[in-house]
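> First, the structure itself, so that you have it in front of you.
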Amino acid sequence: MTKEEYSADQIQVLEGLAAVRKRPGMYIGTTDVAGLHHLVWEIVDNSIDEAMAGHCENILVQIHEDGSLSVQDDGRGIPVDKHKTTGKSALETVLTVLHAGGKFGGGGYKVSGGLHGVGVSVVNALSSQLKSEVKRNGKTYVQEYAKGDAQGGLKEEGKSTETGTKISFTPDPTIFEHTDFDFDTINNRLRQQAYLTKGVTIRIQDLRDGRKAMFYFEGGIRSYVQHINRDKDALGSVIYVEKDTDDGLVEVALQYTQAYQETVFTFANNIHTTEGGMHLTGFRTALTRILNSYARKNELIKEKDKNFSSDDVREGLTAVISVKLGDPQFEGQTKSKLGNAEMRTAVESVFSELFEEYLTENPNDARSIIGKCSLAQRARLAARAARDTVIRKGALEGMTLPGKLADCSSKDPSQSEIYIVEGDSAGGSAKQGRNREFQAILPLRGKILNVEQARLDKMLANNEVKNLVIALGTGIGETFSLERLRYHRIVIMTDADVDGAHIRTLLLTLFFRYFREVIDGGYLYIAQPPLYKVQAGKTAKYAYSDKQRDDIIKEFGDRKYGIQRYKGLGEMNADQLWDTTMDPEKRTMMRVTIDDAEKADHIFQTLMGSEVAPRKKFIQTHAKRVKNLDI
Ligand code: 28F
């Protein structure tokens, strides 16, 4: 059909999908591997939505060998009746009109993927091929598309006693740099969606290598909390509350453990609200208030003692908060903060009532939770005392800097960087080789404290940690403020051996547990010193990997050459360290990011936590993947 034959609304449809193909980033954020998987979330979310509406119990995701991916559910099947005005079936409308999916009938909630439900028509536009199959009204209907363009009308393909929807699509390689679906990425997301939608069975099959999994959690987010705490020392059972209110469905599951960290994940319509929001505020308010009133009423806090602060009741807390509402308002930098004020009161009232009931009915659990909060309160007050006495009040905010810090002359944080260097010899070379205008050096003597197993007061008693906190200038714990960060690039520079890796891990644990905003803001880096120097005559080249080393050797051809394997930074002099690792013109650095907070939390807790068995299991599982283990 040529353009002029299209009707007005067909042109509007074409322009809609053409716009998607012209600027895909506007609809799915990026066209890299994250954008590729947004296509999957869009389709899966529609099946989850059908499950949330109570009409679908099984969802199957298959990754095919031909590069396509299919999702099928046993819901009602997308309606196929003709749209009175467009003459198109509802199915074709949903597949070709932007945002046509929208809120489903029957008061269901539109679940939406990371970008809040751009709709399946976007997937259609960005797929070189898409096939839709609907089983409904005792029949099977099929319609195929290419880049959003219907390749013919809706066809009846036969009879069927089942109902449901199946969408198969091949991402368009002219749009996506990478079109290989990642099993783990999809697997983790499906597990999370199954936790959030109790009673639904979600299966994934990777037909490229046979991997498969099935998720079914009758316990919903209770099971989610058990999963998060699987390797922690739990205090009491999982507490679960669920209530349908006028403002929406409220679900909260929580369990305290012996750990020091807090792990709280919050969701609205199954979207991970990483920036929190009103549901989290309501929860925290209720948790603090109920624990204080219970402790007072049962004389577990002495009359003269202060109330628990919101920080005191967070220590060792694992919680999942999931709300489902008709019209969620997403705010914040990454549109992942829930703005609906009514959800603060809804969560606060639902959780208060049922948590108070739980504590009254479970006095032993209540006592151990309150005991934990009292310890946390004492540690917080001790940390405050440590902050005020051991380090002069101003020091933590970076007023009086530690002697070992060789600061830079620039006072502009956005221009300044600090290298945290392992050992005094490397520290010496770094001080000598650096550009003192914008590069500060903080040498660390040996291993720092493992903060995974220490409270704040003990951490502040550790010199290395204290010096680092002072140098950064942000303060720590309740006085932390990112605005006071003195350097916008914090570079961890340790030896390329086991000790260096251990010190790097200890530092990453400190940043993950106490300076999360520094990581999330993209301020934390890991220096990449060279592993080898390959020298032939006067020509010396640096290799940052075994492959690069071999490529240089090939380049040298038949010239006689020598190889030096750098075991530690101390083997490089100041000029070499500058040339290879610190010169912004030449260096490469790895930025530290956390794309999966749940996974990161579990890895730190397994590797650095107090429980030995999970660490042993982790090492045995992953040891065979470790290359050139340096014994
Ligand atoms: C593999 C992806 O997309 N499943 C879906 C339904 C069910 C209905 C629906 C979807 C009504 C007209 C807007 C059926 N019967 N899986 C899916 N299952 N959409 S998407 O309705 C769409 C709205 O267009 C459905 C009665 N009500 C709703």
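The values are calculated or read from the model by the stated rules, or taken from the named source; none is laboratory data. This one's a predicted model, so the numbers in the text were calculated from it and none came from an experiment. Here the Cβ positions follow ideal geometry from the backbone for every residue, glycine too, while neighbour counts run over all protein chains shown. Surface areas here come from the heavy atoms of the whole protein model, side chains and all, with no ligands, DNA or RNA. Shrake-Rupley method; radii C 1.70, N 1.55, O 1.52, S 1.80 Å.
> Note down the magnitude of the dipole of the stretch 479-544 about its Cα centre, charges +1 on Lys and Arg C-beta and -1 on Asp and Glu C-beta and zero elsewhere, to the nearest 20 debye.
With Lys and Arg at +1 and Asp and Glu at -1, about 260 debye.
> Quick one: dipole size for the chain, taken about the Cα centre, charges +1 on Lys/Arg Cβ and -1 on Asp/Glu Cβ, in debye to the nearest 20.
That gives the chain a dipole magnitude of about 1780 debye.
> Mind listing which trypsin sites (Lys or Arg not before Pro) in the stretch 163-254 are in a DSSP loop and have 12 or fewer other Cβ atoms within 10 Å?
Arg230
> What does DSSP give for the chain in terms of the percent of beta bridges that are antiparallel, rounded to the nearest 5?
So the antiparallel bridges amount to about 70 percent of the total.
> Return the loop-located trypsin sites (Lys or Arg not before Pro) in the stretch 453-534 (DSSP other than H, G, I, E, B) with at most 11 other Cβ atoms within 10 Å of their own Cβ; answer none if there are none. The partial results should precede the final answer.
Numbers: sites: Arg455, Lys458, Lys466, Arg484, Arg486, Arg489, Arg504, Arg513, Arg516, Lys533; in loops: Arg455, Arg486.
Listed in order of number, the matching sites amount to none.
> So what does Met26 come to for accessible area, using a 1.4 Å probe and Å² rounded to 10?
140 Å²
> If you plug each phi of the stretch 165-179 into the Karplus form 6.51 cos²θ - 1.76 cosθ + 1.60 with θ = phi - 60°, what whole-Hz ³J(HN,Hα) values come out, in order, with x for Gly and Pro?
3J(HN,Hα) across the stretch 165-179, in whole Hz: 10, 10, 10, 10, 8, 10, x, 6, x, 7, 9, 9, 4, 10, 10.
> Additional query: Per DSSP helix of 4 or more residues, -39500 (n - 2.57); summed, then divided by the residues of the chain. What does that give at 222 nm, rounded to the nearest 500?
-11000 deg cm²/dmol
> Quick one: check the C-alpha center-to-center distance for the stretch 269-301 versus the stretch 579-608, whole angstrom.
Each part reduced to its Cα centre gives a spacing of 32 Å.
> Sticking with this structure for a sec: Lys431: which lysines have alpha carbons under 16 Å from its alpha carbon, excluding same-chain residues fewer than 8 sequence positions away?
Reachable lysines: Lys404.
> Right, next: Quick one: Karplus J couplings for the stretch 518-525, per residue in order, coefficients 6.51, -1.76, 1.60, θ = phi - 60°, nearest Hz, x for Gly and Pro?
Result, rounded to whole Hz: 5, 5, 4, x, x, 8, 9, 10.
> Can you give the relative contact order of the chain as a percent, counting alpha carbon pairs under 8 Å and 6+ residues apart?
Result for the chain is 9 percent.
> Could you work out the relative contact order of the stretch 145-280, using alpha carbon pairs under 8 angstrom and six or more residues apart, expressed as a whole percent?
Worked out over the stretch 145-280, it gives 13 percent.
> Another question about this same structure. Cα gyration tensor of the stretch 349-481, axes a ≥ b ≥ c as square roots of the eigenvalues: rounded (a/c below 1.5), prolate (a/b > b/c) or oblate?
prolate
> Here is a further query. Tell me the trypsin sites (Lys or Arg not before Pro) within the stretch 275-382 that lie in a loop according to DSSP and have at most 11 other beta-carbon atoms within 10 Å.
Lys302, Lys304, Lys306
> Which pairs break 23 Å Cα to Cα here: Lys232/Lys304; Lys567/Lys599; Lys547/Lys624; Lys135/Lys155; Lys131/Lys159?
Lys232/Lys304; Lys567/Lys599
> Can I ask one more? Can you tell me the dipole magnitude for the stretch 501-628 around its Cα centre, using point charges on the Cβ only (Lys, Arg +1; Asp, Glu -1), in Debye to the nearest 20?
640 debye
> Something else now. Can you compute the FRET efficiency between Gln453 and Arg559 using 1/(1 + (r/R0)^6), with r the Cβ-Cβ distance and R0 = 35 Å? Round to the nearest 0.05.
According to the calculation, E is roughly 0.10.
> Also, I was wondering about something else. May I ask which residue of Pro529, Ile553, Thr505 lies farthest towards the positive end of the charge dipole of the stretch 494-562, with charges of +1 (Lys, Arg) and -1 (Asp, Glu) on Cβ and the Cα centre as origin?
Towards the positive end, the residue furthest out is Ile553.
> In square angstrom, rounded to the nearest 10, how much accessible surface does Tyr358 have for a 1.4 Å probe?
30 Å²
> Along the Cα→Cβ direction, 7 angstrom out, place labels at His622 and Arg445. What is the inter-label distance in nm?
Using points 7 Å along Cα→Cβ, the separation is 3.1 nm.
> Still on this model: What order do Glu242, Glu50, Glu585 take when sorted by accessible area (1.4 Å probe), most exposed first?
Correct descending sequence by accessible area is Glu585, Glu242, Glu50.
> Between Gln129 and residues 5 or more places away or on another chain, which pairs have amide H atoms under 5 Å apart, with H built 1.01 Å from N, and which residues are they?
Lys147, Thr170
> Given the C-alpha centroids of the stretch 49-102 and the stretch 448-525, what is the distance between them in whole angstrom?
Cα centres, the stretch 49-102 to the stretch 448-525: 48 Å.
> So for the chain, taking the charge dipole from beta-carbon charges (+1 Lys/Arg, -1 Asp/Glu), which of Asn137, Ala543, Pro173 sits furthest toward the positive end?
Ala543
> Compute the relative contact order of the stretch 125-179 as a whole-number percentage, counting only Cα pairs closer than 8 Å that sit 6 or more residues apart in sequence.
Relative CO of the stretch 125-179 lands at 41 percent.
> Would you please classify the overall shape of the chain from the alpha carbon gyration tensor, given that a ≥ b ≥ c denote the square roots of the eigenvalues, rounded means a/c under 1.5, and beyond that prolate means a/b larger than b/c while oblate covers the rest? Write out the running numbers ahead of the final one.
Details: a/c = 2.20, a/b = 1.28, b/c = 1.73.
The shape class here is oblate.
> If you roll a 1.4 Å probe over the chain with all protein chains in place, what percent of the accessible area is carbon or sulfur?
50 percent
> What whole-number value in Å² describes the accessible area per residue of the chain for a 1.4 Å probe?
On the way: 28840 Å² over 631 residues.
For the chain, the per-residue accessible area is 46 Å².
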